[in-house]
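The values are calculated or read from the model by the stated rules, or taken from the named source; none is laboratory data. These figures come from a predicted structure and were not determined experimentally. When we count neighbours, we look across all protein chains shown, and the Cβ atoms used for this are built from the backbone with ideal geometry, even at glycine. What goes into the accessible areas is simple: the full protein's heavy atoms, side chains included, and nothing from ligands, DNA or RNA. Shrake-Rupley method; radii C 1.70, N 1.55, O 1.52, S 1.80 Å.
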Amino acid sequence: MQKTPAKLHLITYGCQMNEYDSERVASLLKRERYELTDRPEDADLILLNTCSIREKAEDKVFSQLGALKHLKRQRPDLVIGVMGCMAQLQKGRIQERAPYVDLVFGSPAIARVVALVQRAKQGRGPVLETGEGPLVKITAPADGPPRLKAFVTVMEGCEKYCTFCVVPTTRGRERSHSPEVIVAEIRGLAAAGCREVTLLGQTVNAYGRDLSPPTDLAALLERVDDIDGIERIRFTTSNPYNLTPRLIRALRDVPKVCEYLHLPLQSGSDRVLERMNRGYTRARYLELIAELQETVPDLALSTDLIVGFPGETDEDFARTVEMVERVGYDNVFAFRYSRRPGTPAAEMPDQVPDEVKAERNRRLLEVTARVAAARSQRLEGRTLPVLVDGVSRKNAGEAAGRTRCNRVVNFDAGGRDLLGRVVPVRIVRALPHSLRGEPVAPLEDVAAADWIAAREAVPALQA
Ligand code: SAM
């Protein structure tokens with residue numbers, strides 16, 4: 001397509017799955033000699049990978065498109081494209097508000113990005129590609145330096161039809177990639193130095209139901225566990241409705257699977273959960289939590305909560321706050337309900353005023369900060385394996401990494417490069433957003449060993 005090198009400016013909004021998709025798009029275009037650039041003014045092709053989950057995410061894209069208008073005016077041969085969820089949901093509005101956009105394509109068309117860009121470059125009117133398409137695993141490895149941690153999409157789509165959510169419209173029905181393709185991708189990542197993978201799906205714990213023969217996430221975790229070089233496995237996002245005893249046991253029994261689970265609750269009130277069409281009650285969610293905590297006592301839990309869902313009363317909201325305290329989450333992602341076109345909740349009566357949503361959001365953040373701080377304090381004095389993934393944000397002389405329960409730990413590495421190593425670190429202080437630690441083994445030993453060896457060297461870690 002492109003004979004001489006050209007420049008691609010790629011802007012990604014939204015979830016980890018979008019980050020993953022953007023990496024694939026960049027690698028497919030790189031084969032056509034598109035190099036990434038940070039500067040939109042240098043680009044021949046600008047792609048915005050978009051998110052529709054809340055109105056705010058869409059507003060950001062429209063304002064970015066507004067900012068790009070003058071570039072297109074100066075250089076009419078610049079190609080501007082909008083891809084991802086908003087392309088799927090808002091193609092009419094994009095054409096109306098930004099008629100200078102040359103290319104609009106949804107996630108099912110990502111594998112065909114090269115051909116689509118080629119068509120857009122011919123300049124015969126905008127190229128629109130937003131229909132359903134077959135699931136294709138793009139095997140092109142991500143561009144750029146090798147990474148310690150990587151996302152791997154294992155399935156696309158969602159069939160839950162929560163009344164607030166656009167995902168079934170933007171990402172289509174549930175389709176899983178085969179375990180063989182996923183394992184091959186992760187083997188490639190491990191060979192390139194990756195040590196931690198996060199398996200992604202909108203309802204990742206529904207993985208494999210659609211395959212023939214059917215399989216499940218627990219079986220996939222076991223297969224990924226066998227891959228040499230991979231040290232840690234995470235997965236997100238799980239839906240309580242699909243949480244099986246097999247998956248709970250996998251959290252305990254599959255060695256590389258970290259003791260961390262993101263389990264969106266959305267609301268603590270049964271009345272609201274029913275109107276959201278979540279498919280579980282508060283009591284069922286608590287039953288699952290009890291089973292999880294009994295099976296994996298060290299499990300860290302995080303959740304998503306929506307405040308101000310239509311008809312949510314003060315009492316409903318109080319039930320949500322109560323759940324945060326009762327479950328004891330390590331982390332909570334609180335969202336103000338956003339009215340999404342085409343979803344049943346957008347048409348429900350009793351929409352909650354913005355100022356009430358803002359106040360409930362503020363209160364929820366206060367409570368979750370207190371609960372999360374108590375969880376962090378429990379880690380003080382313990383020695384935990386930390387996978388070093390960089391340097392401290394505040395002090396470049398210090399190493400930074402994460403525990404298996406996904407907490408950031410900063411510690412003095414004595415000037416050693418421990419990147420990619422798993423280091424036993426004693427937690428000396430819990431701070432609001434991170435933990436302070438000190439290494440317990442001589443660092444020269446750690447630098448020469450992996451976590452398994454480090455665990456053998458430090459009896460306190462064997463428990
Ligand atoms: N599929 C997952 C589930 O339902 O458990 C979550 C995926 S969604 C991309 C991430 C979070 O965004 C949801 O868990 C929900 O809390 C939030 N969200 C989705 N739609 C929303 C809306 N209309 N308004 C506010 N928050 C929303």
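Using the Cβ-Cβ distance between residue 244 and residue 290 with R0 = 22 Å, the FRET efficiency computed as 1/(1 + (r/R0)^6) comes to roughly 0.90. Kirkwood hydrodynamic radius of the chain, from the reciprocal of the average inverse Cα-Cα distance over all distinct pairs: 23.8 Å. Accessible area ranking (1.4 Å probe, heavy atoms, ligands and nucleic acids excluded), largest first, for 270, 314: 314, 270.
Under 14 Å from a point 7 Å along the Cα-to-Cβ line of residue 318: which residues of the range 255-289 have their amide N that close? In the range 255-289, the label zone of residue 318 (backbone N under 14 Å from the point 7 Å along Cα→Cβ) covers 269. Rg/Rh for the range 261-310 stands at 1.01; both radii use Cα atoms, and Rh follows the Kirkwood definition.
Dimensions of the range 362-449 from C-alpha coordinates, computed as largest minus smallest value along each principal axis and given longest first, are 46, 24, 17 Å.
Taking Cβ separations below 4.7 Å as the criterion for a possible disulfide partner, the isolated cysteines in the chain are 15, 51, 85, 158, 194, 258, 405. Scanning residues 5 or more positions from residue 262 or on other chains, those with amide H under 5 Å from its amide H are 238, 302, with H placed 1.01 Å from N in the peptide plane. In this structure the chain gives 45 Å² per residue of accessible area when probed at 1.4 Å with all protein chains present.
Once the Cα-Cα distance is subtracted from the 0.36 nm per residue extended length, the residue 181 to residue 223 segment shows a gain of 14.0 nm. Sorted on the mean count of surrounding Cβ atoms within 10 Å across their residues, most packed first, peptides 181-190, 118-127, 80-89 read 80-89, 181-190, 118-127.
Given 0.36 nm per residue, what is the gain on full extension from residue 339 to residue 356 after removing their alpha carbon distance, in nm?
4.6 nm
Expressed as a whole percentage, what fraction of the accessible surface of the chain belongs to carbon and sulfur atoms when a 1.4 Å probe is rolled over the protein heavy atoms? For the chain, the apolar C and S fraction of the accessible surface comes to 49 percent. Once C-alpha pairs closer than 8 Å and six or more residues apart are averaged by separation and normalised to the residue number of the chain, the relative contact order reads 9 percent.
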